[in-house]
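Okay, structure first, notes after.
The values are calculated or read from the model by the stated rules, or taken from the named source; none is laboratory data. Keep in mind it's a predicted model, so treat the numbers as computed, not measured. Cβ atoms come from the backbone with ideal geometry, glycine included; neighbour counts cover every protein chain shown. Side chains included, ligands, DNA and RNA excluded: accessible areas come from the protein's heavy atoms. Shrake-Rupley method; radii C 1.70, N 1.55, O 1.52, S 1.80 Å.
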Amino acid sequence: MISPLNIVVLISGNGSNLQAIIDAISRYRLPIIIKAVICNTTGAYGLERADKANIPTQILSPADFQDRNAYDQSLGDCIARYNPDLIVLAGFMRILSNIILSRFQDKIINIHPSLLPKYPGLNTHESAVAAGDFEHGCTIHFVNENLDAGPIIAQAAISVKAEDTAETLKAKVHQAEHFLYPTVIHWFAHKRVNFHDAQVYLDNVPLSETGLKFLINQGL
Ligand code: GRF
């Protein structure tokens, strides 16, 4: 028996990725415990999802803090109370400063709705449509000081059809995300992911060598 992976999930909104993680843990009895969900906005639907799953929630509203440093100090204290093995950003719409990054080095992962390094930042689906891309998707990466540019852990790709719009792509990418995020967190639970010497390893093989990317085409 392995000891369970303790995670804290940070959200800002709908929390469909949070839900996918909750559902995968219970459906497949994954050795993962969501110790808390932390949110920076009041009234986010993701908070209801956490409540329904009996997961403790914390709301840290930026308006209650003097500046970014004060917020990040308090966010760090809040995270640290749960002593997580992994901090999972799931639609958390704030950039984390070095106060957090240095405190939880190599322990923070994020999911981004594009095949990075393409389209960091916002409006990724609009960008993929405008560029006429044949392929789009999502990326899970370690968070570092560069926005959406930390070391990549895994990607899931979907094919873009002629009739696709930003809206349809968003829905397809969400489906891919809901598959990929629980899968990758499960890898962490089994200690299959390592990061050292500026390389991400899966089962001790550098990911830059495997070029691992799931192709999700069925029905999407
Ligand atoms: C996802 O598309 C994720 O890639 C991005 O924010 C979105 C969050 O969606 N970082 P949800 O709140 O999990 O539904």
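Quick notes
- Over the range 1-58, equivalent-ellipsoid semi-axes from the Cα gyration tensor in Å: 21, 11, 8
- CD proxy at 222 nm, helix term only [per DSSP H run n ≥ 4: -39500 (n - 2.57); per residue of the chain; nearest 500]: -10500 deg cm²/dmol
- Sulfur and carbon atoms: percent of accessible area, the range 102-164 [1.4 Å]: 54
- Counting only Cα atoms, the size of the range 1-124 along its three principal axes is 42, 35, 30 Å, in decreasing order.
- At most 15 other Cβ within 10 Å, DSSP loop - chymotrypsin sites (Phe, Trp or Tyr not before Pro), the range 38-131: 65
- Shape category assigned to the range 58-149 from the gyration tensor of Cα positions, a/c cut at 1.5: prolate
- Projected area averaged over orientations for the chain, convex hull of C-alpha atoms, nm²: 12.5
- Couplings 3J(HN,Hα) for the range 190-196, derived from phi with the Karplus relation 6.51 cos²θ - 1.76 cosθ + 1.60 (θ = phi - 60°), are 9, 6, 8, 9, 9, 10, 7 Hz, where x marks Gly and Pro.
- Accessible-area composition of the range 40-100, carbon plus sulfur, in percent [1.4 Å probe]: 46
- Global form of the range 127-185, assessed from the alpha-carbon gyration tensor, a/c cut-off 1.5: oblate
- The loop-placed GluC sites (Glu not before Pro) in the range 133-211, going by DSSP, that have at most 12 neighbouring Cβ atoms within 10 Å of their Cβ come out as 145, 163.
- Gap separating the Cα centres of the range 1-65 and the range 93-129, nearest whole Å: 18
- Between residue 105 and residue 168, the simple label model (points 7 Å from Cα in the Cβ direction) yields a spacing of 4.7 nm.
- Counting only protein heavy atoms and a 1.4 Å probe, the chain has 50 square angstrom of accessible area per residue.
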